[in-house]
Amino acid sequence: MPQWLQWTLITIGVLAIASLLVFIRRQARIIADSRRRSEKADAFQQQRRQDMIDSIRVIAMAVEADQVEYSEACLRIKGLLDHVAPELLERSPFRVFLVVHEKLQHMPTHRARQATETRFVQKMDKERFEVEEIHADEIRRAATAIRHHQFGS
């Protein structure tokens, strides 16, 4: 084999090795960036979940201190539990949050409530207060239980 061919093949080999090294470095950087983004997203989701759990506990404390209407607390806790631990809504004593939600979900809230005729709002309030009265003891027990519940990861 002529010497010029040997040098050409060596040069091609060195260029191939250098190209592969550049490719491997880029891939390693892409993988590291992806891992960092994934860890950051996981940390964000964990913090978001913890914030929801804290909100559930604050609402539960407000129920225990009679600082919030039971119907509103049930709607809010049920919404948060849907994201944090939906399986709890099927278990006693937490099922009351779902029961009250189902009984009140047809009622307009916020702007829709403001746009509704006053007589109809009063009728809905009466219905809502009856639901609260029927389930008051259950709601208080569930609020205490959910405040002390140990949420898993």
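The values are calculated or read from the model by the stated rules, or taken from the named source; none is laboratory data. From a predicted model like this one, the values you see are computed outputs, not experimental measurements. Cβ placement follows ideal geometry from the backbone for every residue including glycine, while neighbour counts extend to all protein chains displayed.
What to note about this one:
- Counting only helices (runs of 4 or more DSSP H) that sit completely within the range 68-150, those holding 3 or more residues that are in contact (Cβ under 8 Å) with a residue 24 or more places away in the chain and surrounded by 14 or more Cβ atoms within 10 Å (Cβ to Cβ) correspond to 70-84, 95-104, 118-148.
- Asp66 satisfies every condition listed in (1) at pLDDT below 90; (2) at positive phi except (1).
- Given (1) surrounded by 15 or more Cβ atoms within 10 Å (Cβ to Cβ); (2) closer than 17 Å to Arg147 by Cβ, number of the condition Ala65 does not satisfy: (1)
- Lone unmet requirement of (1) at pLDDT below 85; (2) under 24 Å from the mean Cα position of the chain (by Cα); (3) within 23 Å of Ala65 (Cβ to Cβ) for His110: (3)
- Failed item, numbered, when Ile31 is tested on (1) surrounded by 11 or more Cβ atoms within 10 Å (Cβ to Cβ); (2) β-branched (Val, Ile, Thr); (3) more than 30 Å from Ile134 (Cα to Cα): (1)
- Candidates Ala60, Ala28, Ala32, Ala18, filtered to the one that is of a type in the set (A, V, I, L, M) and within 30 Å of Arg140 (Cα to Cα): Ala60
- If the condition is being part of a helix (DSSP H, G or I) and aliphatic (A, V, I, L, M), then the range 39-67 contributes Ala41, Ala43, Met52, Ile53, Ile56, Val58, Ile59, Ala60, Met61, Ala62, Val63.
- Among the residues making up the range 76-110, those that are in contact with a helix residue (DSSP H, G or I) (Cβ under 6 Å, 6 or more places away or on another chain) and within 27 Å of Val121 (Cα to Cα) are Arg76, Ile77, Lys78, Leu80, Val96, Phe97, Leu98, Val100, His101, Lys103, Leu104, Met107.
- Restricting attention to the range 50-67 and to residues that are without any contact (Cβ under 8 Å) to a residue 60 or more places away in the chain and small (Gly, Ala, Ser), the residue that is nearest to Pro86 (Cα to Cα) turns out to be Ser55.
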